[in-house]
């Protein structure tokens, strides 16, 4: 038969094996997430507009609206 110390050793071995497996799964998941973040960092500038580009576009739109407003004011004055 198995004595108490052998049962404790087997129990601890099983627990440590489970903890090791779980730690390995977490490690692999973290590595996969790091790769995903790196890929996202490369692709993001291609997909989203930069702040300066957005500001320049908004300035052009404001100028266009101002010109339209000026033309409407001229029409009202006539």
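Nothing in this text is a laboratory measurement; each read-out follows from the coordinates by a stated rule. The structure displayed is predicted, hence computed values, not measured ones. We place every Cβ from the backbone using ideal geometry, glycine too, and count neighbours over all the protein chains shown.
Per-residue ellipticity at 222 nm for the chain, helices alone: DSSP H runs ≥ 4 residues times -39500 (n - 2.57), over residue total, nearest 500 deg cm²/dmol? Intermediate results must be reported in sequence, preceding the final value.
On the way: 2 runs with 71 residues, N = 78.
One gets -33500 deg cm²/dmol as the mean residue ellipticity at 222 nm.
Using Cα atoms only, what is the angle between the long axis of helix 51-77 and the major principal axis of the chain, expressed in degrees (0 to 90) to the nearest 10?
Helix 51-77 sits at roughly 30 degrees to that axis.
For the range 25-77, what value does the Rg/Rh ratio take when both radii are computed over Cα atoms and Rh is the Kirkwood radius, given to two decimals?
1.52
Enter the Cα centre distance for the pair the range 1-56 and the range 57-74, rounded to the nearest angstrom.
Centre-to-centre (Cα) distance: 53 Å.
Mind giving me the FRET efficiency for residue 21 and residue 1? R0 is 35 Å, r the Cβ-Cβ distance, nearest 0.05 is fine.
Plugging the Cβ-Cβ distance into 1/(1 + (r/R0)^6) gives 0.75.
If I take R0 = 30 Å and measure r between the Cβ atoms of residue 13 and residue 36 in this structure, what FRET efficiency does the formula 1/(1 + (r/R0)^6) give, to the nearest 0.05?
Numbers: r = 35 Å, r/R0 = 1.16.
It comes out at approximately 0.30.
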